[in-house]
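The values are calculated or read from the model by the stated rules, or taken from the named source; none is laboratory data. What you see is a predicted model; the values in this text were computed from it and never measured. Don't worry about glycine lacking a Cβ; one is built from the backbone with ideal geometry, like all the others, and counts go over all protein chains shown. The area values use the complete protein model at the heavy-atom level, side chains included, leaving out ligands, DNA and RNA. Shrake-Rupley method; radii C 1.70, N 1.55, O 1.52, S 1.80 Å.
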Amino acid sequence: GNSVTQMEGPVTLSEEAFLTINCTYTATGYPSLFWYVQYPGEGLQLLLKATKADDKGSNKGFEATYRKETTSFHLEKGSVQVSDSAVYFCALTSSGSARQLTFGSGTQLTVLP
Amino acid sequence: GAVVSQHPSRVICKSGTSVKIECRSLDFQATTMFWYRQFPKQSLMLMATSNEGSKATYEQGVEKDKFLINHASLTLSTLTVTSAHPEDSSFYICSARDMQREKLFFGSGTQLSVL
């Protein structure tokens, strides 16, 4: 079956530091890959996605590249801000259905001023 | 702003009582909503798919008599944890699909603690 393994947190960084949150997956076929973010008190929001190998998803300075050879979709940002403090979830779907979304365990990121 | 409202955000209850969690889509109609559960340090796991006007579809291993789902309108689904026990303590989160925008929106989650 499908599974997502995500870097355990919590992660604490200083403002302007470089961020990497690792995500690897196991899936049948050709999954689509997602990063969701949950800010305090809010629902999960789609941050970025990639639907095929070598695609790069990007949004708000965050990037992740769909690496089929390493089955990875690591999230990166060159310079984090305090406002990036949130929980980040890696997820995949091997079909178009939301019912088939498989999530990682989430990584809590805290950025200190 | 939020397009899916989930309430309450946190609830503490005694063992044996029932707890109802509401999930509302605020600016769109959702024929389908999803309920997830997350235990500490584990993945968000889909519990059930809630269909407006019909019975929910439960994932394997989820007791339908314990986790009652009602989706009586196009903007509201409720999850009732019946006769809650400490092992039901978890983070519950709902999502709803907006077919027009082709997007999935999530609620902010409910942290349930059963004493």
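Farthest towards the positive end of the charge dipole of the protein assembly as shown, among the residues B:Gln60, A:Ala53, A:Gln38, is the Cα of B:Gln60, using unit charges on the Cβ of Lys, Arg, Asp and Glu. Modelled spin-label separation between B:Met45 and A:Gln108, with each label point placed 7 Å from Cα along the Cα-to-Cβ direction: 2.1 nm. Here the dipole of the protein assembly as shown is about 400 debye; that uses its Cα centre as origin and unit charges on the Cβ of Lys and Arg (positive) and Asp and Glu (negative). Give the carbon-plus-sulfur fraction of the accessible surface of chain A in %, rounded to a whole number; probe 1.4 Å, heavy atoms of protein chains only. Roughly 48 percent, rounded to a whole number.
Taking each residue in A:36-48, count the Cβ atoms of any other chain within 10 Å of its Cβ, then average. What number comes out?
What the average comes to for A:36-48 is 4.
Taking a probe of 1.4 Å, how large is the accessible area per residue of the range A:1-58, in Å²?
For the range A:1-58, the solvent-accessible area averages 53 Å² per residue.
For the range B:27-84, the spread of Cα positions along the three principal axes, ordered from largest to smallest, is 33, 23, 19 Å.
When every Cα-Cα distance of chain B is counted in 10 angstrom steps from zero, the calculated P(r) takes the values 15, 49, 30, 5, 0 percent. Carbon-plus-sulfur accessible fraction, chain B (probe radius 1.4 Å, protein heavy atoms only): 50%.
Using only side-chain charges placed at the Cβ, +1 for Lys and Arg and -1 for Asp and Glu, the dipole size of the range B:1-65 relative to its Cα centre rounds to 280 debye.
Report, in debye and to the nearest 20, how large the dipole of chain A comes out about its Cα centre when Lys and Arg carry +1 and Asp and Glu carry -1 on their Cβ.
For this selection, approximately 400 debye.
Entry note, chain B: relative contact order of 36 percent, from Cα contacts under 8 Å with a spacing of 6+ residues. Ligands, DNA and RNA are left out, and with a 1.4 angstrom probe the accessible area of the range B:1-44 is 57 Å² per residue. For the protein assembly as shown, the C-alpha radius of gyration sits at 1.01 times the compact-globule guess of 2.2 N^0.38 Å, with N the residue count.
Pairing chains B and A buries close to 1300 square angstrom of accessible surface in total, based on protein heavy atoms and a 1.4 angstrom probe. Shown for the range B:99-115: residues covered by the partner protein chains by 20 Å² or more of accessible area relative to the chain by itself (probe radius 1.4 Å), namely B:Leu104, B:Phe106, B:Ser108.
Report, in listed order, any pair from A:Lys77/B:Lys103; A:Lys77/B:Lys20; A:Lys52/B:Lys64; A:Lys49/B:Lys55; B:Lys20/B:Lys41 with a Cα-Cα distance greater than 29 Å. Among A:Lys77/B:Lys103; A:Lys77/B:Lys20; A:Lys52/B:Lys64; A:Lys49/B:Lys55; B:Lys20/B:Lys41, the Cα-Cα distance tops 29 Å for A:Lys77/B:Lys20; A:Lys52/B:Lys64; A:Lys49/B:Lys55. Each of the GluC sites (Glu not before Pro) that DSSP puts in a loop and that has at most 13 other Cβ atoms within 10 Å breaks chain B; the longest unbroken stretch is B:1-62.
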